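The values are calculated or read from the model by the stated rules, or taken from the named source; none is laboratory data. Computed from a predicted structure; not experimentally measured. Neighbour counts are summed over all protein chains in view; Cβ atoms, including those assigned to glycine, are modelled from backbone coordinates with ideal geometry. The protein model used for the area step is the full one, side chains on, heavy atoms only, and it has no ligands, DNA or RNA in it. Shrake-Rupley method; radii C 1.70, N 1.55, O 1.52, S 1.80 Å.
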Amino acid sequence: MSTIAAFYEGKSILITGATGLKVIYILVRPKAGHTLQQRVVQILNSKLFEKVKEVCPNVHEKIRAIKSDLNHSDLAISKEDMQELLSCTDIIFHCAATVRFDDHLRHAVQLNVIATQKLLLMASQMPKLKAFIHLSTAFSNCNLKHIDEVVYPCPVEPKKIIDSMEWLDDAIIDEITPKLIGDWPNTYTYSKALGETVVHQESGRLNTAIVRPSIVGATWQEPFPGWVDNTNGPSGLIIATGKGFLRGLRATPMAVADMIPVDTVVNLTLAVGWYTAVHRPKSSLVYHCTSGNLNPCYWGKIGFQVLAVFEKVPFEKAFRRPNAGLTVNTITSQYWNAINHWAPVILYDFYLRLTGRKPRMTKLMNRILKMVSMLEYFINRSWEWSTDNTEMLMSTLTPEDQRIFNFDVRQLNWLDYIENYVLGIKKYLLKEDMAGVPEAKQHLKRLRNIHYLFNTALFLIAWRLLIARSQVARNVWFFIVSFCYKCLSYFRASSPLKV
């Protein structure tokens, strides 16, 4: 029997950030028009849990929704619920966070730092608690090139940041945010670094551990390949590309795309919970859940593979195509892409206005380009994450646990994974009929042809204007035409006459 599975049997677990166990407590934020149990049922009705419900038909009885709001200073948990949590919880998995890159610093600190602090205070009052596992991000220290499995000190103590958020108004916070975050690219990564420091400094005698996943993608194996339910990260880029709205990115093709399947993150997190509770390390350990140092994949290669899936051509053929990928990294290409993005959008919205319909493409393109701009920092850089603790943990598992709770990314085939990822987005996220794939490919082909025609027309118009205004351009044009005419005349004269 699995050692890890046996450990979790009969345990009461508290999970934040989630809408063979005794009970799973999940903190759920109230939503107008829905009871807590309705929200739980809605989650369990997802295809993701079909396999779970087959094995455990009464799984809904093991899930206890607790009304809570991490935006409140006391987490908005009732006295009765708080008493139950304090007396019954064995393990805490703290996964809740704001993952918006452009979130206001006050909100990012509240959810990623203050809420973590409050949960640690709760945990210190739980007599049965065996482990507190904090889910962070591998990019919490992205201001460094090489990142070890340690908690790095922040330039400003979290306590000072927390205190300042209580009395500063939003205008002042907006003004000082760039200076506070310094080398961090956004408030998300900065606040996650602060959250780690809080765990390190305020855990007291708790058995704590930190898991740092990189870019979390679709499932690899469990419960089935390709499941995804959000547009974060690569998913949004794939959708925009597949729908024909995104033709290029300002990226570095050879930068490592450090993606990690979501089921790999879950498996490692469960293994970390078991190891932390059973082996009780003397100090809090950090575990990197990354792929780049063990099984690297590159953004350029991902672009070619996405193209291969969309057009149903072999990857090798897509890889050999000139300019076939989704990545560019020159300033000229950046400006040309801006023209390519906006000109068709403006023309299409103009057409919609003429036909009495509401224009929508400009708003959609704004959202896409905003998403791309926020991701540019990460798709133009590579990092080196050490994985000593993660590999140590893997070596302590029994063969059975290594099979059930597999987090060995060296076994991951990226070509298969990306194909399942793209198809999973269509099937599970967009909820589109897979029978419509051929039609979708034809639609993408039409959009590509329109794109080529537009580029050709744009080039001819620009060249015509240049000829009209520049004598040098006219001389070049006449030389090219004359040269082509002479070449054509020569080949005609030298070709054998047909009798």
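So the values come out like this:
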item	result
Volume in Å³ per residue [convex hull over Cα atoms, computed for segment 345-395]	114 Å³
Full-extension gain in nm, SER386 to PHE491, via 0.36 nm per residue minus C-alpha separation	31.4 nm
Residues in segment 265-280 that a label on VAL55 would reach, taking backbone N under 19 Å of a point 7 Å out along Cα→Cβ	265-275
Whole-percent pair-distance distribution, where bins are 5 Å wide, for the alpha carbons of segment 1-129	2, 9, 18, 22, 20, 15, 10, 4, 1, 0
Long-range amide H partners of VAL216 with built H, under 5 Å	ILE260
Amide proton proximity set for TRP227, modelled H, under 5 Å, gap of 5+	THR219
At R0 = 25 Å, FRET efficiency that the Cβ-Cβ distance of ILE346 and HIS104 yields, to 0.05	0.20
Sites ARG410 and THR355 - FRET efficiency at Förster radius 51 Å, r taken between beta-carbons, to 0.05	0.40
For segment 282-297 and segment 50-108, distance of Cα centres in Å	26 Å
Accessible area of ILE133 in the full protein assembly, 1.4 Å probe (Å², nearest 10)	0 Å²
Solvent-accessible surface ranking, highest first, for MET374, MET394 at 1.4 angstrom	MET374, MET394
Solvent accessible area, Å² - TRP477, 1.4 Å probe, full protein context	100 Å²
Karplus 3J(HN,Hα) series, Hz, for segment 85-91 with 6.51 cos²θ - 1.76 cosθ + 1.60 (x for Gly, Pro)	5, 5, 8, 10, 6, 9, 9
Antiparallel bridges, percent of DSSP beta bridges restricted to the chain (to nearest 5)	5 percent
Solvent-accessible heavy-atom area per residue, rounded to whole Å², over the chain at 1.4 Å	53 Å²
Distance in nm between pseudo-label sites at GLU432 and ASN455 (7 Å out along the Cβ direction from Cα)	2.2 nm
Nearby lysines by direct alpha-carbon distance to LYS358 (threshold 29 angstrom, same-chain neighbours under 8 apart not counted)	LYS243, LYS370, LYS426, LYS427, LYS431, LYS441, LYS445
Accessible area of the chain belonging to carbon and sulfur atoms, whole % at 1.4 Å probe	59 percent
Computed [θ] at 222 nm, deg cm²/dmol, the chain (DSSP H ≥ 4; -39,500 (n - 2.57); rounded to nearest 500)	-16000 deg cm²/dmol
Under 5 Å, built H, 5+ apart or other chain: amide partners of LEU14	TYR25, ASP90, ILE91, ILE92, PHE93
Karplus 3J(HN,Hα) series, Hz, for segment 44-57 with 6.51 cos²θ - 1.76 cosθ + 1.60 (x for Gly, Pro)	5, 6, 5, 4, 4, 9, 4, 5, 4, 5, 5, 6, 9, x
Separation between Cα centres of segment 185-213 and segment 367-388, rounded to whole Å	20 Å
Segment 210-258: C-alpha gyration tensor shape, a/c 1.5 cut-off, then a/b vs b/c	oblate
Per-selection Rg to Rh, the chain - Cα, Kirkwood hydrodynamic radius	1.06
